[in-house]
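The values are calculated or read from the model by the stated rules, or taken from the named source; none is laboratory data. Bear in mind the structure is a predicted one, so any value in this text is a computation, not a measurement. A quick note on method: Cβ atoms are made from the backbone with ideal geometry, for glycine too, and the neighbour counts reach across all protein chains shown.
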């Protein structure tokens, strides 16, 4: 019996190690290609780089305009995230609470479900016509608003269960103690749904940061390029792709998401696990 348990434990350990290797090796290879000198890119490429160089990263910022792409991505991502959270959190709270009754409450719920079902590309033509009529094409604003359109329903759908799990008696008790609606929302309700907000913020951030389709269609100038579009252009500008340059761009593109996850990991784990149980 003891030998069977040991064999099972060893088997699980081997499985975990294999899973970690499969999961982490692409990340390692991306970094290895980004710091490998040009001379090591030809012929049989070794698993470990023989030398380390940062020339690809320097070339990205000096010759490829990657710094401008990062700035554009940060503007559109954080701009859309702030607007999406403000609208989504308030809408989810109003929909979840029975004391808020108005004619558009039921249609708003259906709209959330509809936008969640339809693919983002379904909104390209109507959005393009609308933005073109008001003269916003070839600016960052259409990309930002398009991300808001996609992220707001996600935030509402995700946070509804969190708000519904809060007993209304808690809010009634706060009202009895003299709390205003604003104090009730900011000091009682929001701390309770903070894990859910952190989790859905990460999902919304990832979508806006990696947005490519709307950027290609709504922006026509390289000045407005975002990181995903700048990476795509690295594969098409020359007849021979510079894999080191592309790898360096890939490494830079994952840094913001990685930092976001590291700083908010406690809330993220709690929020995603709670959302999985409630959903």
Based on this model, can you work out whether residue 194 counts as within 13 Å of the chain's Cα centre (by Cα) and either in a loop (DSSP other than H, G, I, E, B) or farther than 20 Å from residue 143 by Cβ (or both)? no
Looking at segment 18-51 only, could you name the residues that are more than 27 Å from residue 258 (Cα to Cα) and touching a residue at least 40 places away in the same chain (Cβ under 8 Å)? 38, 41
What pairs come out if I take residues in segment 168-180 that are assigned to a helix (DSSP H, G or I) and pair them with residues that are at pLDDT 80 or above whose C-beta lies under 6 Å away, six or more apart or interchain? 171/184; 174/184; 174/188
Residue by residue through segment 96-111, note down the ones that are within 19 Å of residue 182 (Cβ to Cβ) and either assigned to a helix (DSSP H, G or I) or modelled with pLDDT of 90 or more (or both). 96
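Taking residue 207 as the residue in question, decide whether it is assigned by TED's automatic domain parsing to the domain that holds residue 88 and buried (at least 17 other Cβ atoms within 10 Å of the Cβ). Outline the logic, then answer.
On the way: assigned by TED's automatic domain parsing to the domain that holds residue 88: yes; buried (at least 17 other Cβ atoms within 10 Å of the Cβ): yes.
Criteria met by residue 207.
Quick one: in segment 44-66, of everything that is in a helix (DSSP H, G or I) and surrounded by 13 or more Cβ atoms within 10 Å (Cβ to Cβ), which residue is nearest to the chain's Cα centre (by Cα)?
Step one: filter segment 44-66 for residues in a helix (DSSP H, G or I), giving 55-63, 66.
Next, only the ones that are surrounded by 13 or more Cβ atoms within 10 Å (Cβ to Cβ) stay: 55-57, 59-61, 66.
On the way: 55: 29, 56: 26, 57: 23, 59: 27, 60: 23, 61: 24, 66: 20 Å.
Among residues in segment 44-66 that are in a helix (DSSP H, G or I) and surrounded by 13 or more Cβ atoms within 10 Å (Cβ to Cβ), the one nearest to the chain's Cα centre (by Cα) is 66.
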Output yes when any residue across segment 189-204 is at pLDDT 85 or above, assigned by TED's automatic domain parsing to the domain that holds residue 73, within 18 Å of residue 75 (Cβ to Cβ) and buried (at least 16 other Cβ atoms within 10 Å of the Cβ), and no when none is. yes
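Pick from segment 122-145 the residues that are in a helix (DSSP H, G or I) and closer than 20 Å to residue 73 by Cβ: which of them is farthest from the chain's Cα centre (by Cα)? Write out each step before concluding.
Initial filter on segment 122-145 (in a helix (DSSP H, G or I)): 122-133, 141-145.
Now drop any that are not closer than 20 Å to residue 73 by Cβ, which leaves 124, 127, 131, 141-145.
Details: 124: 20, 127: 21, 131: 24, 141: 18, 142: 18, 143: 14, 144: 13, 145: 15 Å.
Out of the qualifying residues, it is 131.
Take residue 153 and tell me if it is surrounded by 19 or more Cβ atoms within 10 Å (Cβ to Cβ) and under 19 Å from residue 229 (Cα atoms).
Values: surrounded by 19 or more Cβ atoms within 10 Å (Cβ to Cβ): yes; under 19 Å from residue 229 (Cα atoms): no.
No.
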